[in-house]
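Have a look at the structure below before the remarks.
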Amino acid sequence: MAFPESVSLALPCQRHLFEMPADICYLDAAAWSPLPRGVREAGEAGILVKSRPWDHPRAVVPAWAERARAAAARLIGAGADDIAIVGAVSHAMAVAAHNLTLRPGGRLLRVADEFPSLRFAFDRLAERQGLVVEEIPRPSDGDWTEAVAAAITRPGAAPLALATLTPLHWTDGSLIDLDRLAPLVHAAGAALVIDATQAVGAVPVSVARWRPDFLAFPTYKWTLGPYGLAFLYAAPHRQDGAAIEENVGNRPPVVGARRYDRGELYDPVALSMAVAGLELIAEWRVPAIAARLRGLTDRLADGVAAFGLTPMPAALRAPHILGLRPPAGMPTDLVGRLHQDKVFVSERSGALRISPHVWANDDDLTRCIAALRAACQGVI
């Protein structure tokens, strides 16, 4: 998967758009992002629609839904008619699982330690349809792409029925190159479902290249929007299925992916915030965002390597998340000690996950490296 890395392409720091004090080093966008001022203001304007409905008629809200749908579609190279508005990625995955009929005895392929949203609904699907769930173990060399490719094409294996994949592993940013893997899935005659939670808004995503049956992403991480709102892409041949909930807005004669829309869709707060975040990302351009984030994580990687924390090679990790796995294991309460220094990161499955976004600056990198050096002294 090719990512733009040229410094000349990189977006400048956007910290001035956030309400972030100078002494806060927040490098945890993969958990959830702070809101830009403009997104908060959009939400406040949306609150007025509900607070004073006599001044702000509900008739204005459906247009916000369509604007959000169109903005989400543009970020993944889809059309607005291909996008459903749902409540969460777990909702989206339940819809996908509900609308797949697969060959009994076939394999359902996924990587180990996958996020629950991409496991639970498909575990039930496997039980209902007699699929064999195959989890690919974490490769010792960190090369998920090669491990997944080998599993897809393994001689003598049961036919591949479904692959549920992500563009990178959520725990540590290790790359799962769908540019290479998606064609292998299609060549095997299998369905492909993608959870793009940790990708859309930070790195280029293309449904035209990957041709998934379904793909989903939320707004509260890399697209700088609210909690409780997500988008589901359904390929044209998957748009005649059944929603898992029925409401006035998704029943016939509605066509396209809108048939999967959630109930109580017209939330003036969430929709206006989502639009503001999505359109801001589009204005910046995702390749420019990815180039900036690659520069930040590369500099962090170089800084921590100097005192014994060795990241994966750049070719095996996504631009926007740096995962660190100390050779002797995670020092006790490392994340808590970093928080005391106002450095905010996460621990996920034994990895320290550092995920800057467009607000991160040089001071953040310096403070993060210094805090990690102090916290790990004598431990690694």
*Could you give the spread of the C-alpha atoms of the stretch 103-151 along their three principal axes, from largest to smallest, in whole angstroms?*
35, 21, 11
_Gained length - H186 relative to D81, 0.36 nm times residue gap less alpha-carbon distance_ = 35.5 nm
*Just going by the charge dipole of the chain, with Lys and Arg at +1 and Asp and Glu at -1 on Cβ, which of G308, V61, V254 is farthest out on the positive end?*
V254
*asked:* Could you report the accessible area of T310 in Å², rounded to 10, computed with a 1.4 Å probe on the protein chains as they sit in the structure?
replied: 110
_Amide proton proximity set for R107, modelled H, under 5 Å, gap of 5+_ = V132, L160, A161, L162
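Please grab the % of Cα pairs in the stretch 211-282 that end up more than 20 Å from each other. Could you put the intermediate results ahead of the total?
Values: 962 of 2556 pairs.
Pairs farther apart than 20 Å: 38 percent.
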*asked:* Using amide H atoms built in the peptide plane, which far-off residues or other-chain residues are under 5 Å from R348 H to H?
replied: R353
*About the Cα centre, charge dipole magnitude for the stretch 108-169 (Lys/Arg +1, Asp/Glu -1 at Cβ), debye*: 260
*Using a 1.4 angstrom probe with every protein chain in place, what is the largest-first accessible-area order of M93, M20?*
M20, M93
*asked:* Using 0.36 nm times the number of residues separating D362 and F307, minus their current alpha carbon distance, what extension gain do you get?
replied: 17.9 nm
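Report for the chain the percent antiparallel among DSSP-assigned beta bridges with both residues inside it, nearest 5.
On the way: 18 of 37 bridges.
Counting DSSP beta bridges with both partners in the chain, the antiparallel share is about 50 percent.
I need the calculated FRET efficiency for the pair R154 and H98, taking r as the beta carbon distance and R₀ as 35 Å, to the nearest 0.05.
Working: r = 29 Å, r/R0 = 0.82.
For R154 and H98, the calculated efficiency is 0.75.
Counting each DSSP H run of 4 or more residues in the chain as -39500 (n - 2.57), what helix-only mean residue ellipticity at 222 nm follows after dividing by all residues, to the nearest 500 deg cm²/dmol?
Working: 11 runs with 133 residues, N = 380.
Helices in the chain give a 222 nm mean residue ellipticity of -11000 deg cm²/dmol.
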_Overall Cα dimensions of the chain, principal axis frame, Å, largest first_ = 65, 65, 38
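Rank E41, E127 by accessible area, highest first, at a 1.4 Å probe radius?
Values: E41 95, E127 150 Å².
Highest to lowest solvent-accessible surface, that is E127, E41.
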*Averaged per residue, what accessible area in Å² does the stretch 23-141 show with a 1.4 Å probe, protein chains only?*
46
*For the residue pair R209 and R52, what label-to-label distance in nm results when each label sits 7 Å from Cα along the Cα-to-beta-carbon direction?*
4.7
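If N is the number of residues in the stretch 33-179, what value comes out of its Cα radius of gyration divided by 2.2 N^0.38 Å? Before the final figure, lay out each step's value.
On the way: Rg = 20.3 Å, N = 147, 2.2 N^0.38 = 14.7 Å.
Its radius of gyration relative to the 2.2 N^0.38 Å reference: 1.38.
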*For the stretch 322-380, with +1 on Lys and Arg beta carbons and -1 on Asp and Glu, the positive-most of P327, A371, L338 along the dipole*: P327
*Treating only the Cβ atoms of Lys and Arg (+1) and Asp and Glu (-1) as charged, compute the dipole magnitude of the stretch 222-320 about its Cα centre; round to the nearest 20 debye.*
320
_Gap separating the Cα centres of the stretch 78-145 and the stretch 202-237, nearest whole Å_ = 15
*asked:* With θ taken as phi - 60° and the coefficients 6.51, -1.76 and 1.60, list the Karplus ³J(HN,Hα) couplings across the stretch 296-301 in order, rounded to whole Hz; mark glycine and proline as x.
replied: 5, 5, 5, 5, 4, 4
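Got a number for carbon plus sulfur as a percent of the chain's accessible area, 1.4 Å probe?
Numbers: 8600 of 15290 Å².
Result for the chain: 56 percent of the exposed heavy-atom area is carbon or sulfur.
Provide F120, F231 ordered by accessible surface of protein heavy atoms (probe 1.4 Å), highest first.
Working: F120 110, F231 0 Å².
So, going from the largest accessible area down, we get F120, F231.
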_Let's see if you can work this out: charge +1 on each Lys and Arg Cβ, -1 on each Asp and Glu Cβ, no other charges. What is the dipole magnitude of the chain about its Cα centre, in debye to the nearest 20?_
380
*asked:* Residue by residue through the stretch 43-59, what is 3J(HN,Hα) from phi via Karplus (6.51 cos²θ - 1.76 cosθ + 1.60, θ = phi - 60°)? Round to whole Hz and write x for glycine and proline.
replied: x, 5, 5, x, 4, 4, 4, 7, 6, 10, x, 6, 8, 10, x, 4, 4
*Mind giving me the FRET efficiency for A370 and A242? R0 is 41 Å, r the Cβ-Cβ distance, nearest 0.05 is fine.*
0.15
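Would you mind calculating the gained length between I24 and A45 on full extension (0.36 nm times residue separation, minus the Cα-Cα distance), in nm to one decimal? Spell out each step's value before the answer.
Details: separation 21, 0.36 × 21 = 7.56 nm, distance 2.75 nm.
Gain on stretching I24 to A45: 4.8 nm.
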*Kindly write out, for the stretch 181-197 in residue order, the coupling ³J(HN,Hα) from the Karplus curve 6.51 cos²θ - 1.76 cosθ + 1.60 (θ = phi - 60°), rounded to whole Hz, with x marking Gly and Pro.*
7, 4, x, 5, 4, 5, 5, 7, x, 9, 7, 10, 10, 10, 9, 9, 3
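The values are calculated or read from the model by the stated rules, or taken from the named source; none is laboratory data. Everything quoted here is computed from the prediction, not taken from an experiment. FYI the Cβ positions are ideal-geometry reconstructions off the backbone, even for glycines, and counts take in every protein chain you see. Accessible surface areas use protein heavy atoms only, side chains included; no ligands, DNA or RNA. Shrake-Rupley method; radii C 1.70, N 1.55, O 1.52, S 1.80 Å.
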